[in-house]
Each structure stands twice: as C-alpha cells, then as structure tokens.
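Q: Just passing along the structure, written as structure tokens.
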Amino acid sequence: MSVNIRRIDCESEAEGLALVRQLRDQHSLESEMVTARQRELTERVFGEPLSPLRSVERICREVREQGFAAVARFSRCFDDFELTPSGLRVSESELRTAHAQASAELLESVRHIRDRILTFQMGLVQTDAVWRQDGEEIRVRYRPVRRVGIHVPGGNAAYPSTVLMTAIPAQAAGVREIAVIAPPTRFGSNNPALLAVCYELGIREVYRLGGAHGIAALAYGIEGLPRVDMIVGPGNLFVTLAKKHVFGTVGIDLLAGPTELVIVADDSALPQYLAADMLAQAEHAPGSSILITWRAELLDAVEEALEEQLQELERADLTRDSLERFGALVHTRDVDQAITLANLLAPEHLQICARQAETLADRIEHAGAIFLGHATPEAVGDYLAGPSHVLPTSGTARFASGLSANDFLRRTSVIRFSESALRREAEHILRLANIECLPAHGQSVLRRLTAETSPSETWLGTLRR
C-alpha cells in the first residue's frame, strides 16, 4: 500500500501559498480539530456537542467552583480513572521505587542530559543590572517564580523528556517548588521512567492528573494540590485552550499545540534520512511533517522511502494516519520560494538539509528551532541539545519563542532619586503630568521641591521644634 501523502506544486504561487496556509492553520486553536473519540466523550460528559473551547470553559469553571469533586468526575469521564484524595499524589515511596528499579543506563543518560541542559540554561539566565548617574540609581533585578506546575502529556507515548526540558530550565532559574501533573495512564503518571526522571531531578510533587481539568487544578488549586504561579508544558488542543483560559490567573509559557516539522532540502540530502525525520515527527500522532524542495525527483524518492520505512515501524498505523492527514511534499520553483514558504509556515522545528544550510538559515525569520545540516535530526533537540523542546507551534513562532530559564524569572525595577536629581528632572515630569491632566502627579513632585522640611528629618521632629 502506497502512502497517501498530499503533494503540493507551487508553480501557481497563489494556489501554492493558499495550500501552505491551510497546512499551517490545521492545528491552530481556531481550527478546533478533534478526534471522533474526543467529540464523543465531550458529548457524553456534557450532554450536548460542545466545541472544544466551550468544553474547556465548562471544565475550568467547574474545577474552580467545585475543586476536587469536579477533578475526580472529569478524571472518571475522560481518563476512566477513579481518583481519590489519597491517590491524587504519587507517593515518595513510589517515586523512590521507580528510581531504584530504573536501569543504570537510563539514569546515566538522564544525568548526562541534565548536565547539558543545566549548563546551557544557566548561561542564559539574566543577571541584575544597575545604572547610576548624578544622584540616580536605577536597578533591574530578577527573581524566580515561586511555584511552577508542569503538564506532561501521556496519551499515545511517554514523555520523560518533557520533564527534563521544562523542570531543568526552571531549576536553572532558581524555582524552588515544582509540581508535575501527568494523566493516570501507562504513558503518564503510571510510567516508571517518568517517575524515575522526576525523582532524579529532585521533584517530589507528582500528581495523577492531566488534560484541561489538570490545568485548571494547577491554576486554581484543589484539595491536596496547592495552586501554582505558572504553568508550562505541551499538550493537546484541550490542554492548550485550558492554558489560554487560565492565563492571567497564572502565568504560562506559550500555547504549544501538536508538534510540527518543516524540512527544506536540496539534492544533497539523502531521501532515507528525510523520510526517517518525517516519520519521527508523524509518530507523535498527531504530528505534522512537511518537506519543501525545488528538486521534484527528491520528492519521489522520499515518498518511496516513507513507504519502505513505514513497514518497519511498531506504530505504523498511527504514524501513517498522521502523515496522511497532516503531512505534505511541497515542490517549489526555486530555493527562494522554498524559503518564503518556510517563513510563512513559521514552524516549531525547521530542518535545513542543504549544501548552504547556514546561509539559508540566515534568511529564516520565523522558526521555533532550526537544525542545520545532514547530521542534525530534530530528535537531537527533542532529547539532548540544551534548548528546551517546548516551542511555539501553528505559526506562532512569528511572535513567540521557545521556553527558557528566563521565562521563569520576574523582572522588577528598583529606582532611587536624590533630592538634587529630582529637582534636575522635575520639569519633564511636570510637563507630562500637565499634558495628561493629572495634576496630583505633578503635585507629588512640586511638594518635594518646595517643602520646608528636609526628607532627612521626620515630620514629627519638625512639629516639636
């Protein structure tokens, strides 16, 4: 059976751009694309066919109003799991047992990756800055967020790497309290490797929660789970909509939806490498894999390699479905049009597999992460490199950036003026206060300039004289 992946020919630029925009928008929050099972579950739980947005609004409202009772009900309905107050949190003994039973090889890799990520992220951390001039001192200081919640997906695969790529940047920033939630599945909070990684990183708060109700529990707090100040981590459409809904009550990293990969390649790229990279992204199910090239013969060779390699995959059915629903092979007139389309897509991951990869990368304006050359598959970024793999998706790389240690820092300005400095700058403050018709602002300065009492004296001492 030949893989039924769509082909897009951009000879007609308008038609090609329209099709590429459809690819970009298929996983956006506005698309509200859901599976048949998700639609059926939603209708069964709420008694009516609500949209994902309205479903999330209902879930968040009920968790905020009803606390644990609502979370337990949604856990039963969506996860087929009977959540109890005593079973909400994974015990420290369970975490310790998972860590003790983990293979030495796994722990060696976790420690190696931890050291790489920590070293890289520590190098990014902003430090306090001071500016001084003639009686003025202006400081900018950085302090970490006090308490962070991490959502780890657990539907079709286990993601201990997400713990590494979110918790370690938070630790690099100095965050002291980290709470991890993952759905109560074999890929989520029941996954020994996930629990072992949490324990290795010093995380002792792990909860059997996921989905939109898990996000709401982190944001509002429930019995047995204190609220957090910030929520990070990827998830499906419902998780992303829930993060958007609670933003303002808590901080969030970004609205990271289903994963995506765009590859720009010339004829120096090996078709079997390109096919392997596309399949690696598609097996997330859903995961979008798009190849762009100006060499038509390369598309034919990659399509053939996709079919050959699908025969060898354990998750072939899910991967094929994802590839056929969300993947594409795109033929452009030339390299310039390929770069134009890559910038239009503004992808989460962009691989440039071409002779002049560095030069082409300089022309990319929008991408979450860029991988250069034939020896840098996107999996390097998923598991090892150092930057977080939590990245903007669905074209949001036009304005958003990937998660880093600095996202866990709050910036505060500290300002001190002497009397002479205030006198020197007063006219500018007064002028703006007058223009804005805010006389009390101006008076707050004028009273200091005309006061008989020195700021170094107390008002009580003046009265006693």
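The values are calculated or read from the model by the stated rules, or taken from the named source; none is laboratory data. Please read all numbers here as calculations on a predicted model, not as lab measurements. Cβ sites come from the backbone with ideal geometry, for glycine too, and all protein chains shown count toward neighbours.
Q: Answer yes if at least one residue in the stretch 197-205 is of a type in the set (K, R), crowded, with 22+ Cβ neighbours inside 10 Å and assigned by TED's automatic domain parsing to the domain that holds R227, and no otherwise.
A: The answer is no, given that none of the residues of the stretch 197-205 is of a type in the set (K, R), crowded, with 22+ Cβ neighbours inside 10 Å and assigned by TED's automatic domain parsing to the domain that holds R227.
Q: Would it be correct to say that L124 is under 30 Å from R416 (Cα atoms), surrounded by fewer than 17 Cβ atoms within 10 Å (Cβ to Cβ) and of a type in the set (A, V, I, L, M)?
A: Criteria met by L124.
Q: Another question, if that's okay. In this structure, does D382 turn out to be surrounded by fewer than 18 Cβ atoms within 10 Å (Cβ to Cβ) and either among the basic types (K, R) or in a helix (DSSP H, G or I) (or both)?
A: When the stated conditions are applied, D382 does not pass them.
Q: Right, something else. For residues in the stretch 367-403 being in contact with a Phe, Trp or Tyr (Cβ under 9 Å, 6 or more places away or on another chain) and not aliphatic (A, V, I, L, M), which is farthest from Q126 (Cα to Cα)?
A: The qualifying residue farthest from Q126 (Cα to Cα) is H374.
Q: Which is in contact (Cβ under 8 Å) with a residue 60 or more places away in the chain and surrounded by 24 or more Cβ atoms within 10 Å (Cβ to Cβ), of L310, L323?
A: L323
Q: Okay, moving on. Would you confirm, using the coordinates I've provided, whether I168 is closer than 22 Å to A385 by Cα and of a type in the set (A, V, I, L, M)?
A: Considered against the rule, which asks whether it is closer than 22 Å to A385 by Cα and of a type in the set (A, V, I, L, M), I168 comes out as yes.
Q: Please verify whether A342 is part of a helix (DSSP H, G or I) and farther than 14 Å from V262 by Cα, treating the condition exactly as stated.
A: Answer is no for this residue.
Q: Let me ask something additional. Hey, can you tell me all the residues within the stretch 385-423 that are over 28 Å from T259 (Cα atoms) and touching an Asp or Glu at 6+ places or on another chain (Cβ under 7 Å)?
A: R416, F417, A421, listed by residue number.
Quick grid of which residues meet (1) charged (D, E, K, R); (2) under 30 Å from H389 (Cα atoms); (3) at pLDDT below 95:
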{"residue": "N406", "(1), (2), (3)": "no, yes, no"}
{"residue": "T412", "(1), (2), (3)": "no, yes, no"}
{"residue": "L422", "(1), (2), (3)": "no, no, no"}
{"residue": "L430", "(1), (2), (3)": "no, no, no"}
{"residue": "C437", "(1), (2), (3)": "no, no, no"}
{"residue": "S444", "(1), (2), (3)": "no, no, no"}
{"residue": "L449", "(1), (2), (3)": "no, no, yes"}
{"residue": "E452", "(1), (2), (3)": "yes, no, yes"}
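Q: Take the residues in the stretch 407-420 that are within 44 Å of the chain's Cα centre (by Cα) and outside any strand (DSSP E or B); name whichever of them is surrounded by the fewest Cβ atoms within 10 Å (Cβ to Cβ).
A: Applying the filter and picking the extreme gives S418.
Q: Identify all residues within the stretch 179-215 that are more than 18 Å from S86 (Cβ to Cβ), part of a loop (DSSP other than H, G, I, E, B) and touching a Gly at 6+ places or on another chain (Cβ under 9 Å); write none if there are none.
A: P183, T185, R186, F187, G188, N191, G210
Q: Is it true that T84 is surrounded by 15 or more Cβ atoms within 10 Å (Cβ to Cβ), free of Cβ contacts under 8 Å to residues at least 60 places away in the same chain and of a type outside the set (F, W, Y)?
A: Answer is no for this residue.
Q: I'd like to check something: does the stretch 232-242 contain any residue that is more than 23 Å from A172 (Cα to Cα), touching a Gly at 6+ places or on another chain (Cβ under 9 Å) and at pLDDT 95 or above?
A: yes
Q: Oh, and also: Can you name the strands (runs of 3 or more DSSP E) wholly within the stretch 66-168 that have at least 2 residues being under 24 Å from R186 (Cα atoms) and either in the same structural domain as M230 (by TED's automatic domain parsing) or at pLDDT 95 or above (or both)?
A: 147-151
Q: Could you list all residues from the stretch 345-379 that are among the polar types (S, T, N, Q), part of a loop (DSSP other than H, G, I, E, B) and buried (at least 19 other Cβ atoms within 10 Å of the Cβ)?
A: Within the stretch 345-379, no residue meets the criteria.
Q: So D317 passes all but one of these: (1) part of a helix (DSSP H, G or I); (2) in contact (Cβ under 8 Å) with a residue 40 or more places away in the chain. Which condition number does it fail?
A: (2) is the only condition that D317 fails.
Q: Right, next: Based on this model, can you work out whether L41 counts as modelled with pLDDT of 95 or more, touching a Phe, Trp or Tyr at 6+ places or on another chain (Cβ under 7 Å) and among the aliphatic types (A, V, I, L, M)?
A: Taking the combined requirement at face value, the residue does not satisfy it.
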